């Protein structure tokens, strides 16, 4: 009778179905692996837990039945002691090929994203700088054109002999040398606007027609079009020619600038934040895997597709905002925020929560004022 009671209270794997017996044998191997890891890492394990696992190992090697209940209890306590390390993570970390394959995959993704992001970012930065410089030149040329038109006026009939205009008709206090200097500045500024417009046009595959394309091959015609005559026989006529050339250059430059702003503005707002967010997600995963391999918690079976989806959504939302104020004096660019969203999705959800709370406070205050 006593033996029957012991048989019921302490079952062995010999009394269990084959599937359960096989699972117990696998659990025993995992417990052995965890026990060795605990000894290697200096983690203290209860004597009863250690003895029970060793007893089960001895029985298994001798072909004797294993006390299933005692093994389950000991394995449960051991797993709690070494957590977050598990038998699966120890096995995955021992398989260097699996670790290298996973890390290599995310490194490749990071490299592909960088090869896309870096050229687009550089092009966006360069086109923005050229566009801003051209806008300043256009504003300067506009001011000079208005000023010179007031000082010189329209062309007049001049006597022969190569005399310049009628200097005595210049406004009081305006010197001829100052007018010539402004004319030279206007011509130089028009050339600068033309050069920058041609540079920007290259970034949009020359979609804007060049008004001076027919004379680009002839340096002499280009010089006559954009430079002042060496002798300046007539200031008024020279001004008219310079303004006429400048107006064509200005229209060319503004057309290219608007196209650049549209194309690369859309890229900077709609595409770059998403790419930066995905890059942030890859950076987080690479750092995570590095820590997991170091701590032996790497399993290689995690599916982080949800993180990439959240990063892409967050990057797209961040692109709708121009700047983010971090303090009273500092602001963070949307691209930096997009990278943070991909690296730490909690940042994105915290931002959304704070934004919703702001609307709730504003709505509550407005409701209170109505009452």
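Taking residue 85, is it over 30 Å from residue 201 (Cα atoms) and not in a helix (DSSP H, G or I)? Steps first, answer last, please.
Numbers: over 30 Å from residue 201 (Cα atoms): yes; not in a helix (DSSP H, G or I): yes.
The answer is yes for residue 85.
What are the residues in region 37-60 that are more than 27 Å from residue 294 (Cα to Cα) and in contact (Cβ under 8 Å) with a residue 24 or more places away in the chain, if any?
48, 56, 57, 60
Does any residue of region 269-279 turn out to be modelled with pLDDT under 90 and surrounded by fewer than 21 Cβ atoms within 10 Å (Cβ to Cβ)?
yes
Only one residue in 256, 269, 263, 274 is closer than 24 Å to residue 114 by Cβ and touching a helix residue (DSSP H, G or I) at 6+ places or on another chain (Cβ under 6 Å), so which one is that?
Answer to the selection: 274.
Hey, does region 67-76 have a residue that's under 50 Å from the mean Cα position of the chain (by Cα), surrounded by 18 or more Cβ atoms within 10 Å (Cβ to Cβ) and either over 16 Å from residue 293 (Cα atoms) or not assigned by TED's automatic domain parsing to the domain that holds residue 292 (or both)? Lay out the reasoning, then the answer.
Step one: list which residues in region 67-76 are under 50 Å from the mean Cα position of the chain (by Cα), which gives 72-76.
Keeping just the survivors that are surrounded by 18 or more Cβ atoms within 10 Å (Cβ to Cβ) gives 74-75.
With the extra rule that they be either over 16 Å from residue 293 (Cα atoms) or not assigned by TED's automatic domain parsing to the domain that holds residue 292 (or both), the set shrinks to 74-75.
Within region 67-76, one or more residues are under 50 Å from the mean Cα position of the chain (by Cα), surrounded by 18 or more Cβ atoms within 10 Å (Cβ to Cβ) and either over 16 Å from residue 293 (Cα atoms) or not assigned by TED's automatic domain parsing to the domain that holds residue 292 (or both).
Say whether the condition of being surrounded by 14 or more Cβ atoms within 10 Å (Cβ to Cβ) and either at pLDDT below 90 or in a helix (DSSP H, G or I) (or both) is met by at least one residue in region 203-210.
For region 203-210, residues surrounded by 14 or more Cβ atoms within 10 Å (Cβ to Cβ) and either at pLDDT below 90 or in a helix (DSSP H, G or I) (or both): present.
The values are calculated or read from the model by the stated rules, or taken from the named source; none is laboratory data. Here the structure is a predicted model, which means the values were calculated and not measured. Cβ atoms come from the backbone with ideal geometry, glycine included; neighbour counts cover every protein chain shown.
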